[in-house]
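Below: one structure, written as structure tokens.
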Amino acid sequence: KTTMLNCLAEFATVHVVPATTSATDVMALSPHGIFLSNGPGDPEMVHGAPATIRQLHGTSVPLFGICLGHQLLGLALGGKTYKLPFGHHGANHPVRNMATGSVEITSQNHNFCIDADSLATLVDVTHVNLNDNTNEGMRVRDANAFSVQYHPEAGPGPHDSRYLFAEFVSMIGRA
């Protein structure tokens, strides 16, 4: 999505690579951060991506995932996904930021969710959907990796969550 690239380009030189790119080829680009983008469908059907993300997670390079990227990071960590009864679609989903207690109005378009309990020993849930209490974000403990299920870059759409890109920049600066 162009808006996603524009948000990233505000602070970084962006190299877009296909989902089939190996971890070795990604690391050959000497990235300061790795962004796991959104995409359609069932995350279980994106064969090979969790293994590649697991290898990338093993580096010190910060990771940030959105939507399908969030789900694939969860799978890479050994988590499980499940299909939502109706999915989350539209630009008005309330999500609680667990760190601040604030509610963000988010744009969403997905049918699958990470089972937070399947990663309880590895991640902290950072965001929760207030409509159904599902996992909308997580931060990997003891690692430079976090992700959200929704679209902080939505355009047009709510911009309540654009701060996540600044958080990614900060993480890169600390790495």
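Structure above, values below:
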quantity: Enumerated strands (runs of 3 or more DSSP E) restricted to region 65-175, each holding at least 2 residues that are open to solvent by 30 Å² or more (accessible area, probe 1.4 Å); calculated: 81-97, 103-114, 123-129
quantity: Residue in region 83-96 that is touching a residue at least 24 places away in the same chain (Cβ under 8 Å) and among the aromatic types (Phe, Trp, Tyr) present; calculated: no
quantity: Only one of SER60, SER147, SER118 that is closer than 30 Å to MET27 by Cα, among the polar types (S, T, N, Q), in contact with a helix residue (DSSP H, G or I) (Cβ under 9 Å, 6 or more places away or on another chain) and touching a residue at least 60 places away in the same chain (Cβ under 8 Å); calculated: SER147
quantity: Of residues in region 33-51 being in contact with a Gly (Cβ under 9 Å, 6 or more places away or on another chain) and in contact (Cβ under 8 Å) with a residue 40 or more places away in the chain, the one farthest from PHE112 (Cα to Cα); calculated: PHE35
quantity: Selection within region 43-56 - open to solvent by 50 Å² or more (accessible area, probe 1.4 Å) and modelled with pLDDT under 95; calculated: GLU44, MET45, HIS47
quantity: Qualifying residue in region 24-32 (condition: in contact with a helix residue (DSSP H, G or I) (Cβ under 6 Å, 6 or more places away or on another chain), of a type outside the set (Val, Ile, Thr) and either open to solvent by less than 80 Å² (accessible area, probe 1.4 Å) or not in a loop (DSSP other than H, G, I, E, B) (or both)); calculated: no
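The values are calculated or read from the model by the stated rules, or taken from the named source; none is laboratory data. Keep in mind the model is a prediction, meaning the values are calculated, not measured. Counting neighbours? That spans all protein chains shown, and the Cβs are built from the backbone with ideal geometry, glycine included. Areas reflect the complete protein model, heavy atoms only, side chains present, ligands, DNA and RNA absent. Shrake-Rupley method; radii C 1.70, N 1.55, O 1.52, S 1.80 Å.
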